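The values are calculated or read from the model by the stated rules, or taken from the named source; none is laboratory data. It should be emphasised that the depicted structure is a prediction, and the values quoted were computed from it without experimental measurement. Reconstructed Cβ throughout: ideal geometry from the backbone, glycine too, with neighbour counts over all protein chains shown. These area figures cover heavy atoms from the full protein model, side chains too; ligands, DNA and RNA do not enter into them. Shrake-Rupley method; radii C 1.70, N 1.55, O 1.52, S 1.80 Å.
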Amino acid sequence: MHRHFIIHKPYGYLSQFVYQLKRKKKLLGELYDFPIGTMAIGRLDEDSEGLLLLTTDGKVSDYICSSKVEKEYYAQVDGLITAEAVAQLQAGVEIGFEGKKYQTKSCKAFIPDTIPEFGLRGKKIRDERHGPTSWVSITLKEGKFRQVRKMTSAVGFPTLRLVRVRIGSIALENLQAAQVQEVGAFNL
């Protein structure tokens, strides 16, 4: 019988259970007593936060990581993002991936009407003395290494904070940072 979990990964945690290097890192196993064989479906880097799905079922993991399932991110960017930059994101931009140039696929992107409320982050980003920030929503069906961060930088607005808010039809919604919820199955 496989088990499935939804978690709000906080800033500063790795999306893994084992870390081999000597530096001390915060791992998912510190947040909950997950069963042996639990794996993160996709990853969020240490500086990213938000929705992360975990499972003991490799087939479910493969399906969700495929290009069949949308992943939506909210990125707080440096500066006031423009409509032109959003249009570039929607069309796809050139980023570096594995030492080569890569053209991202077209995606959904928009400037949200209201600023999302994600709670406090473990490390302060900066304050308004350093200039304004804004938010953009980006929905992808691909997931290259640090792709959203590379995309916003490519259009001139580096990401300061990145939060995954949705995978398929599963949304972050009311989960607080570090909160874990076990579910019977993922309804994507």
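For the structure I just gave you, tell me whether residue 182 is of a type outside the set (A, V, I, L, M), closer than 18 Å to residue 62 by Cα and touching a residue at least 12 places away in the same chain (Cβ under 8 Å).
Working: of a type outside the set (A, V, I, L, M): yes; closer than 18 Å to residue 62 by Cα: no; touching a residue at least 12 places away in the same chain (Cβ under 8 Å): yes.
In short, no.
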Conditions (1) closer than 30 Å to residue 5 by Cβ; (2) open to solvent by 20 Å² or more (accessible area, probe 1.4 Å); (3) modelled with pLDDT of 95 or more: number failed by residue 75: (2)
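Each row is one residue, and each column tells you yes or no for (1) under 28 Å from residue 117 (Cβ atoms); (2) in a helix (DSSP H, G or I).
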position: 8; (1), (2): yes, no
position: 19; (1), (2): no, no
position: 35; (1), (2): no, no
position: 40; (1), (2): yes, no
position: 53; (1), (2): yes, no
position: 61; (1), (2): no, yes
position: 64; (1), (2): yes, yes
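Of these, 91, 83, 87, which one is under 21 Å from residue 146 (Cβ atoms) and more than 14 Å from the chain's Cα centre (by Cα)?
Numbers: 83 fails: under 21 Å from residue 146 (Cβ atoms); 87 fails: under 21 Å from residue 146 (Cβ atoms).
Testing whether each residue is under 21 Å from residue 146 (Cβ atoms) and more than 14 Å from the chain's Cα centre (by Cα) leaves just 91.
Here's a check for you: in the stretch 35-49, which residue that is β-branched (Val, Ile, Thr) and more than 24 Å from residue 75 (Cβ to Cβ) is surrounded by the most Cβ atoms within 10 Å (Cβ to Cβ)? Write out each step before concluding.
Step one: filter the stretch 35-49 for residues β-branched (Val, Ile, Thr), giving 36, 38, 41.
Narrowing further to those that are more than 24 Å from residue 75 (Cβ to Cβ): 36, 38.
Details: 36: 6, 38: 19.
It comes out as 38.
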Of the criteria (1) modelled with pLDDT under 95; (2) outside any loop (DSSP other than H, G, I, E, B); (3) over 20 Å from the mean Cα position of the chain (by Cα), which one residue 23 fails: (2)
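Could you list, in sequence order, all residues of the stretch 141-156 that are in contact with a Ser or Thr (Cβ under 8 Å, 6 or more places away or on another chain) and buried (at least 19 other Cβ atoms within 10 Å of the Cβ)?
Of all residues in the stretch 141-156, those in contact with a Ser or Thr (Cβ under 8 Å, 6 or more places away or on another chain) come to 141-142, 144, 147-149, 151-153.
Scanning the stretch 141-156 gives 147, 148, 149, 151, 152.
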Output the residue which, of all residues in the stretch 93-119 that are touching a Phe, Trp or Tyr at 6+ places or on another chain (Cβ under 9 Å) and among the aliphatic types (A, V, I, L, M), is farthest from residue 172 (Cα to Cα). 95
Please go through (1) without any contact (Cβ under 8 Å) to a residue 60 or more places away in the chain; (2) farther than 27 Å from residue 60 by Cβ; (3) not polar (S, T, N, Q) for residue 122 and return the number of the only condition it doesn't satisfy. (1)
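Which members of the stretch 157-178 meet the condition of being of a type in the set (S, T, N, Q) and surrounded by 14 or more Cβ atoms within 10 Å (Cβ to Cβ)?
159
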Out of the residues in the stretch 1-34 that are out of contact with any strand residue (DSSP E or B) (no Cβ under 6 Å at 6 or more places or on another chain) and open to solvent by less than 30 Å² (accessible area, probe 1.4 Å), state the one that is nearest to residue 180 (Cα to Cα). 8
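From the set of residues in the stretch 50-72 that are of a type outside the set (Asp, Glu) and open to solvent by 60 Å² or more (accessible area, probe 1.4 Å), which is farthest from residue 172 (Cα to Cα)?
As a first pass, look at the stretch 50-72 and keep what is of a type outside the set (Asp, Glu): 50-56, 58-61, 63-69, 71.
Now restrict to residues that are open to solvent by 60 Å² or more (accessible area, probe 1.4 Å): 59, 63, 65, 67-68.
Numbers: 59: 23, 63: 19, 65: 17, 67: 20, 68: 19 Å.
Filtering first and then ranking leaves 59.
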